[in-house]
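Just so you know, all these numbers are worked out from the coordinates, no wet-lab data involved. The structure displayed is predicted, hence computed values, not measured ones. Counting neighbours? That spans all protein chains shown, and the Cβs are built from the backbone with ideal geometry, glycine included.
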Amino acid sequence: MDSHALPWNPLGDLHASCGGAAEHRDEAVARYSFAIPNAAAIEAIASSSPEGVVELGAGLGYWGRILSDGGVHVTAYDIAPPPSDRNRWYAGRAPWHPVAEGDIASVEAHPNRTLLLVWPTRNETWAAEALDLHHCSGGGAVVVVGEPPGGRTGDDSFHAMLGHLPQCLACRYHSSGSACTCNTPQLWSQVGEVEIPRWQGIDDSLSIYTRSDGPDPERRRRRRIRWASAPRRPDGPRLEVRHV
Ligand SMILES: C[S@@+](CC[C@H](N)C(=O)[O-])C[C@H]1O[C@@H](n2cnc3c(N)ncnc32)[C@H](O)[C@@H]1O
C-alpha cells in the first residue's frame with residue numbers, strides 16, 4: 001500500500017513527485033515531518049492502539065493529523081510546540097494538528113495509549129526516558145519511526161531499551177561519545193516493522209514494540225531507571241537501575 005491510499009498526505013505526494021530526491025528533503029521536513037507516513041504505517045499504528053496514541057516530540061503534528069483523519073485518537077506533545085521560537089526546526093510554523101506543550105512527564109498520564117515517537121532527536125536522552133516512564137506507568141505498546149542504532153535518531157540507551165543494542169558500545173569501543181548502557185534493561189520487544197517511503201540516503205522505518213516482560217500487571221512497575229545528572233562515560237549521562 002502506498003502513500004496515495006491516504007486521503008490527505010501532501011508529504012507523501014511531494015516525496016512521490018520528486019522520486020525521494022535528497023535535495024527536496026529539507027523543505028519537506030520543514031513543512032511537514034522528518035518521516036513520511038503511508039497507509040500501511042497508519043493502519044499498523046491504528047491496529048496496535050485501540051485506546052489511541054500519545055505522541056511525544058510531535059513537531060508540527062503531521063503524523064497526528066493523519067492518524068486523526070484515520071479515526072485514531074491522538075494527544076500530541078512537544079517541549080516547544082510550533083510556532084514557538086524555541087523549536088529549532090519549526091519556529092514560526094503553524095501545526096497540522098494540536099500539539100500541547102509537554103515534556104516526558106506528559107507520557108505518564110496515558111498508559112493505556114500507544115507511545116508514538118517519530119524521529120526522536122539523535123543523542124538526546126528524552127526519548128529513552130519516555131520509554132522508561134511509559135513502561136513504569138504500565139504502558140503496553142510503543143511505536144517508533146526512525147533509523148537503526150548509530151543512525152540519526154535516539155541515543156544508545158534508547159536503542160538498548162528497544163533490544164537493538166546487544167552490547168554496550170561505549171565500553172566495547174571505549175567511546176567517549178555515548179552513554180554506558182551496561183545496566184540498561186531491554187524494556188520493549190519488537191513485534192512488527194512497516195516500510196515507509198524513504199528519502200535518498202535515509203534508512204528509516206516504523207517499528208512496533210510491546211513490553212518485554214509481558215502484559216501481566218503483577219510484573220509492571222518492576223524497574224525504574226534513575227536518570228543521574230552525573231556525567232556520561234566519561235563525560236555524559238549515566239544510568240542507574242533501581243528495582244521497585
Ligand atoms: C527531530 S524533531 C521530530 C519532530 C516530529 N516528530 C517529526 O517527525 O517531524 C524532534 C522534536 O522533539 C522535540 N523535543 C525535544 N526534546 C523534547 C522533550 N524533552 N520532550 C518533548 N519533546 C521534545 C523537539 O522540540 C522537536 O520538535
Item to complete: Tell me the chymotrypsin sites (Phe, Trp or Tyr not before Pro) within the range 95-175 that lie in a loop according to DSSP and have at most 12 other beta-carbon atoms within 10 Å.
Response: Tyr173
Discussion item. Apply the Karplus curve 6.51 cos²θ - 1.76 cosθ + 1.60, θ = phi - 60°, to the phi angles in the range 88-97 and return the couplings in whole Hz, x for Gly and Pro.
Written reply: 6, 9, 10, 4, x, 8, 7, x, 8, 8
Discussion item. If I take R0 = 30 Å and measure r between the Cβ atoms of Glu193 and Tyr173 in this structure, what FRET efficiency does the formula 1/(1 + (r/R0)^6) give, to the nearest 0.05?
Written reply: 0.65
Item to complete: Count the DSSP beta bridges whose two residues both fall in the range 3-243, then state the antiparallel fraction as a percent rounded to the nearest 5.
Response: 60
Item to complete: Give the relative contact order (percent, whole number) for the range 65-106; include only Cα pairs under 8 Å separated by 6+ residues.
Response: 39
Response to the item:
Spelling it out for Val74: with amide H atoms placed in the peptide plane at 1.01 Å from N, the residues 5 or more places away or on another chain with amide H under 5 Å from its amide H are Val53
Fill in: Cα extents of the chain along the three principal axes, largest first (Å)
48, 38, 33
Discussion item. Among Ile202, Val118, Cys136, whose Cα projects farthest towards the positive end of the dipole of the chain, with charges put on the beta-carbon of Lys, Arg (+1) and Asp, Glu (-1)?
Written reply: Cys136
Worksheet item: Amide H of Arg152: which non-local residues (sequence gap of 5 or more, or other chain) have their own amide H closer than 5 Å, using H built in the peptide plane?
Response: Glu147
Discussion item. Of Ile66, Ala170, Ile104, which is farthest towards the positive pole of the range 3-243's charge dipole, taken about the Cα centre with +1 and -1 on the beta-carbons of Lys, Arg and Asp, Glu respectively?
Written reply: Ala170
Worksheet item: Can you work out ³J(HN,Hα) from phi for every residue in the range 35-52, in order, using Karplus 6.51 cos²θ - 1.76 cosθ + 1.60 and θ = phi - 60°, giving whole Hz and x for Gly and Pro?
Response: 10, 9, x, 10, 5, 5, 5, 5, 5, 5, 5, 4, 6, 9, 10, x, 9, x
Worksheet, complete the sentence: Helix-only [θ] at 222 nm, the chain, -39500 (n - 2.57) per DSSP H run of 4+, per residue, nearest 500, equals -5500 deg cm²/dmol
Worksheet entry | the chain, relative contact order in percent, only Cα pairs under 8 angstrom and at least six apart counted | 17
Discussion item. Compute for the range 126-166: radius of gyration divided by Kirkwood radius, i.e. Rg/Rh, restricted to C-alpha atoms, rounded to two decimals.
Written reply: 0.95
Discussion item. Relative contact order for the range 58-179: what percent, with Cα pairs under 8 Å and sequence separation of 6 or more?
Written reply: 19
Practice prompt. Divide, for the range 150-200, the radius of gyration over alpha carbons by 2.2 N^0.38 Å, where N is the residue count.
Written response: 1.30
Practice prompt. Return Asp155, Asp213 ranked ascending by Cβ neighbour count within 10 Å, so the fewest neighbours appear first.
Written response: Asp213, Asp155
Practice prompt. Take the alpha carbon atoms of the range 124-211, find their radius of gyration, then divide it by 2.2 N^0.38 Å using N residues; give the quotient.
Written response: 1.09
Worksheet item: Where the centroid of each part is defined by its Cα atoms, how far is the range 54-99 from the range 123-137 in Å?
Response: 19
